[in-house]
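Below you'll find the structure, written out as structure tokens, and then a few comments.
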Amino acid sequence: MSAAGFAYNFLNAASSSLTRPYLTSSRILPILSFSLLPRPPPPPPRYFFSCCRRIFSMAGDSKAKTGDPKAKTGDSKAKTGDPKAKNAQKKKKEVKKETGLGLTYKKDENFGEWYSEVVVNAEMIEYYDISGCYILRPWTMSIWEAMQEFFDAEIKKMKIKNCYFPLFVSPGVLEKEKDHIEGFAPEVAWVTKSGQSDLEVPIAIRPTSETVMYPYYSKWIRGHRDLPLRLNQWCNVVRWEFSNPTPFIRSREFLWQEGHTAFATLEEADVEVLDILELYRRIYEEFLAVPVVKGKKSELEKFAGGYYTTSVEAFIPNTGRGVQGATSHCLGQNFAKMFEITYENEKGEKAMVWQNSWAYSTRTIGVMVMTHGDDKGLVLPPKVAAVQVIVVPVPFKDADTQGIIDACAATVKTLTEAGIRAEGDLRDNYSPGWKYSHWEMKGVPLRLEIGPKDLANNQARAVRRDNSAKKDLPMANLVDQVKELLDTIQQNMFDLAKEKRDACVKEVRTWDEFVEALAQKKLILAPWCDEEEVEKDVKARTKGEIGAAKTLCSPFDQPALEEGTLCFASGKPAKKWTYWGRSY
């Protein structure tokens, strides 16, 4: 075989193997053909260049870089010959051999690799051939749609209307608000060509839509009767320049909703900021079963060009990192000045509007996976699960197989008619054990098993995904019991997540205590003087390979601040309690 022919085979094999994110020789080499038979001439060099770009981009994006130091060192225990680690590896291999399923990495041992495996093996995402971009599969979209259905209905109750603005932004408009564009400049992607021709003026792809929408707010708002103007759009945005992409958490393109509103008074704007923030809390806590803290961002961390920023903050105990879950900003009148959004008030005087913007994105789904997932895979809260109940037939030899299958089908029908999202896995080419592992990997909250004994006793065996507890449920009142179990699972998932999060909260009062808590991956609550220079100094002093510490938020629910309490970092009088830590 010629060198060109070998390269052609190798690049095809490597490119094919990277449809899954693990680039290993064991996956590439079996695909190669070393046949000496004549082959068609290899494609031109441009093809090889294209393939190489695809391989390197996907290989570079093949691991979720979570900043967890353990993720960088791999499974060190297994490599150093730790007997416990070897036994765990052997057991994992036995599981995979039996079912063809299972995870290679454990959540507590290598969080980054574990997360990367879960989102792929649970069929949530597929890696795309452009680094930082991901295919969102139906299992993911159903979760997004559940949150969208709730949020969209709630904002419509607030008289907020949906709209859609174009994806493209002209440079003149984008650069109009200096502080805003400086905050986003490194992440803005630009369209510079049409076919083979250079565009006379490059066009930006929206990183957010303030500068896209506000020229038209200026056009539409003329008098006080035009206020408030309250719009929302469901769309995608692109933020390009970054390193260490992580599915859902940090990607170049993502889905979100963004609301943009204008009011006659600051008081009206203030009320909406907190109303929206409460909806975001409900999405996390009531739907995703993830505990969050509501609070205000520091001046250094607030939205670029905004007046103030509020957020809901989650925390991942395994990595000791905070996650900005969603934000609700009061923009004040800064953008109104830049885009001349004025109106004539009741007195016939010219006045400027007060504005808000607020958004949550598919990052919510990544936070949910990180919070609840375990060594079997995904664990889904019932409220957002596409399938809440999976019904699996368990036929034994000489059993009434058809009767069992009929009972499973009837059970699915009964549950579905009661409004429960139920499906039956009636495939005859997989064993019950394989099906158990498959649906556990996908995180289905409740499994119902029906075998010969269950058929005889007119019951079903229920197995919970969150804690593996088993219970026999009589068919006579199956619907009520299943609904009760799903509610219990939802609440238990939240309670357990909150218990783990709360165990990570550490109150400190001195710099030494702060450094010690940071090393222990804690969510740190500390008294602070609320000075920007002090926050910058903390960042500088804690900067390292896994990132610097920063303020996450100052919680609205403030602990008592005793008179004479000093800032942990500067020694100056403290003004508030603030959460600190590393973050995604």
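The values are calculated or read from the model by the stated rules, or taken from the named source; none is laboratory data. These figures come from a predicted structure and were not determined experimentally. Glycine gets a Cβ as well: all are built from the backbone with ideal geometry, and neighbour counts include every protein chain shown. Only protein heavy atoms, including side chains, enter the accessible area calculation; ligands, DNA and RNA are left aside. Shrake-Rupley method; radii C 1.70, N 1.55, O 1.52, S 1.80 Å.
With the requirement that a residue be modelled with pLDDT of 95 or more, surrounded by 13 or more Cβ atoms within 10 Å (Cβ to Cβ) and within 26 Å of P291 (Cα to Cα), what does the stretch 540-560 give you? Result: A549, K550, T551, L552, C553, S554, P555.
What number of residues within the stretch 543-584 satisfy the criterion of being of a type in the set (A, V, I, L, M) and out of contact with any helix residue (DSSP H, G or I) (no Cβ under 9 Å at 6 or more places or on another chain)? Even if it seems obvious, please write down each step before you answer.
First, the residues of the stretch 543-584 that are of a type in the set (A, V, I, L, M): 546, 548-549, 552, 560-561, 566, 569, 574.
Within this subset, residues satisfying the condition of being out of contact with any helix residue (DSSP H, G or I) (no Cβ under 9 Å at 6 or more places or on another chain) are 552, 560-561, 566, 574.
So the answer is 5.
Taking residues in the stretch 232-249 that are surrounded by fewer than 16 Cβ atoms within 10 Å (Cβ to Cβ), and partners anywhere that are of a type in the set (A, V, I, L, M, F, W, C), the pairs with Cβ atoms closer than 6 Å and at least 6 places apart or on different chains are N236/L255; W240/A189. The residues of the stretch 331-350 that are in a loop (DSSP other than H, G, I, E, B) and closer than 21 Å to L277 by Cα amount to a single one, Q333. For A460, indicate whether it is closer than 15 Å to A410 by Cα, of a type in the set (A, V, I, L, M) and either in contact with an Asp or Glu (Cβ under 7 Å, 6 or more places away or on another chain) or in a loop (DSSP other than H, G, I, E, B) (or both). Yes; evaluated as a whole, the condition is true for this residue. One residue stands out among those in the stretch 279-300 that are closer than 21 Å to P317 by Cβ and among the small types (G, A, S): the one that is nearest to the chain's Cα centre (by Cα), which is A289.
Every condition in (1) of a type outside the set (A, V, I, L, M, F, W, C); (2) at pLDDT 95 or above; (3) open to solvent by less than 60 Å² (accessible area, probe 1.4 Å) holds for Y584 except the one numbered (2).
Of all residues in the stretch 468-490, which are within 20 Å of E286 (Cβ to Cβ), open to solvent by 40 Å² or more (accessible area, probe 1.4 Å) and in contact (Cβ under 8 Å) with a residue 24 or more places away in the chain? Matches in the stretch 468-490: K483, D487. Among the residues of the stretch 124-143, the one identified as closer than 14 Å to R363 by Cβ and among the aromatic types (F, W, Y) is Y134. Of all the numbered requirements in (1) at pLDDT 95 or above; (2) over 16 Å from the mean Cα position of the chain (by Cα), G306 misses one, and that requirement is (1).
Residues that are under 27 Å from L255 (Cα atoms) and in contact with a His (Cβ under 7 Å, 6 or more places away or on another chain): does the stretch 364-379 have at least one? Taking every residue of the stretch 364-379 in turn, at least one turns out to be under 27 Å from L255 (Cα atoms) and in contact with a His (Cβ under 7 Å, 6 or more places away or on another chain).
Selection over the stretch 121-130 of residues that are within 15 Å of P245 (Cα to Cα) and surrounded by 19 or more Cβ atoms within 10 Å (Cβ to Cβ) gives a count of 2.
Screening I524 with (1) under 24 Å from the mean Cα position of the chain (by Cα); (2) of a type in the set (V, I, T); (3) open to solvent by 20 Å² or more (accessible area, probe 1.4 Å) gives one miss only, at (3).
How many residues, within the stretch 388-403, are of a type outside the set (D, E), touching a residue at least 40 places away in the same chain (Cβ under 8 Å) and surrounded by fewer than 20 Cβ atoms within 10 Å (Cβ to Cβ)? Spell out how you get there, then give the answer.
Of the stretch 388-403, the ones of a type outside the set (D, E) are 388-397, 399, 401-403.
Next cut, touching a residue at least 40 places away in the same chain (Cβ under 8 Å) only: 388-396, 399, 403.
The next check asks that each one be surrounded by fewer than 20 Cβ atoms within 10 Å (Cβ to Cβ); those that pass are 395-396, 399, 403.
Total satisfying the criteria: 4.
Scanning the stretch 263-278 for residues that are surrounded by fewer than 18 Cβ atoms within 10 Å (Cβ to Cβ) and part of a helix (DSSP H, G or I) returns L266, E267, E268, D270, V271, L274, D275, E278. When P202, P207 are checked against the criterion of being free of Cβ contacts under 8 Å to residues at least 40 places away in the same chain and part of a strand (DSSP E or B), a single residue qualifies: P202. Scan the stretch 497-505 and tell me whether some residue there is at pLDDT 95 or above, surrounded by 15 or more Cβ atoms within 10 Å (Cβ to Cβ), in a helix (DSSP H, G or I) and of a type in the set (G, A, S). Yes, there is a match, as at least one residue in the stretch 497-505 is at pLDDT 95 or above, surrounded by 15 or more Cβ atoms within 10 Å (Cβ to Cβ), in a helix (DSSP H, G or I) and of a type in the set (G, A, S). Would you confirm whether any residue within the stretch 351-364 is more than 21 Å from E145 (Cβ to Cβ), without any contact (Cβ under 8 Å) to a residue 12 or more places away in the chain and outside any strand (DSSP E or B)? Checked the stretch 351-364: no residue is more than 21 Å from E145 (Cβ to Cβ), without any contact (Cβ under 8 Å) to a residue 12 or more places away in the chain and outside any strand (DSSP E or B). Within the stretch 114-173, the set of residues being part of a strand (DSSP E or B), of a type in the set (F, W, Y) and touching a Lys or Arg at 6+ places or on another chain (Cβ under 8 Å) comprises Y127, F168. Checking every residue in the stretch 417-428 against the condition of being assigned to a helix (DSSP H, G or I) and of a type outside the set (S, T, Y) gives at least one match. Only a single item in (1) touching a Lys or Arg at 6+ places or on another chain (Cβ under 9 Å); (2) more than 25 Å from A336 (Cβ to Cβ) is not met by S197, and it is number (1). Which of (1) closer than 24 Å to E267 by Cβ; (2) in contact with a helix residue (DSSP H, G or I) (Cβ under 6 Å, 6 or more places away or on another chain); (3) not charged (D, E, K, R) does P381 not meet, given it meets every other one? It is condition (1) that P381 fails.
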